[in-house]
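Here's the structure we're looking at; comments come further down.
The values are calculated or read from the model by the stated rules, or taken from the named source; none is laboratory data. Nothing here was measured: the structure is a model prediction, and the numbers come from that model. Cβ atoms come from the backbone with ideal geometry, glycine included; neighbour counts cover every protein chain shown. Only protein heavy atoms, including side chains, enter the accessible area calculation; ligands, DNA and RNA are left aside. Shrake-Rupley method; radii C 1.70, N 1.55, O 1.52, S 1.80 Å.
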Amino acid sequence: MQLVRYQLGKDEPRFGWILEDQVGALEGSPLADYRRQAADIPLEKVRLLPPILPGKIIGVGRNYVEHAREHQAELPQMPLLFLKPPSSIIANGEAIIIPPQSRQVEH
């Protein structure tokens, strides 16, 4: 079973589940007790949203040795921490906006 967070039209976002090409609402929380409602909403009618809305995102740079070596980057003695704004989380199919000063995007 695939759990999702979705929005139908201008309705409030909610949690649901996918069965083939249909979405069904969840009653309750996917992190606690919930009940699945009938999967009767066509998937193409909903906007799939990020699964969560974090308060903050903390990243660790050069934490994969092989990736650092690919870029001939020196491995740091201490972890390189950086913050990302919660607005960096986007919904399925939304465009990734690259700031004009950026020349490279990393996954």
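Brief remarks on what is shown
- At q = 0.24 Å⁻¹ the log10 of I(q)/I(0) for segment 1-64 amounts to -0.99, computed by Debye summation with a single uniform scatterer per C-alpha, solvent ignored.
- Protein accessible area in segment 1-84, 1.4 Å probe - carbon and sulfur %: 53
- Sites matching trypsin sites (Lys or Arg not before Pro) across the chain that sit in DSSP coil, with at most 15 neighbouring C-beta atoms within 10 Å: Lys10, Lys56, Arg62, Arg103
- For the chain, the spherically averaged projection of the C-alpha convex hull amounts to 10.0 nm².
- The GNM of the chain, with springs linking C-alpha atoms under 10 angstrom apart, assigns the highest mean-square fluctuation among Gly61, Gly93, Gly24 to Gly61.
- Listed by chain and number, the lysines whose alpha-carbon sits under 19 Å from that of Lys45, ignoring those within fewer than 8 places in the same chain, are Lys10.
- Coil-residue GluC sites (Glu not before Pro) of segment 1-97, DSSP, other Cβ within 10 Å capped at 15: Glu20, Glu74, Glu94
- Taking the chain as a Gaussian network of alpha-carbon nodes connected by springs under 10 Å, the highest mean-square fluctuation of the residues Leu81, Leu19, Leu43 belongs to Leu81.
- Within segment 1-91, the chymotrypsin sites (Phe, Trp or Tyr not before Pro) that combine a DSSP coil assignment with at most 11 other C-beta atoms in a 10 angstrom radius are Tyr64.
- Note on the chain: with a GNM built from Cα contacts shorter than 10 Å, the maximum mean-square fluctuation among Ile97, Ile57, Ile41 falls on Ile97.
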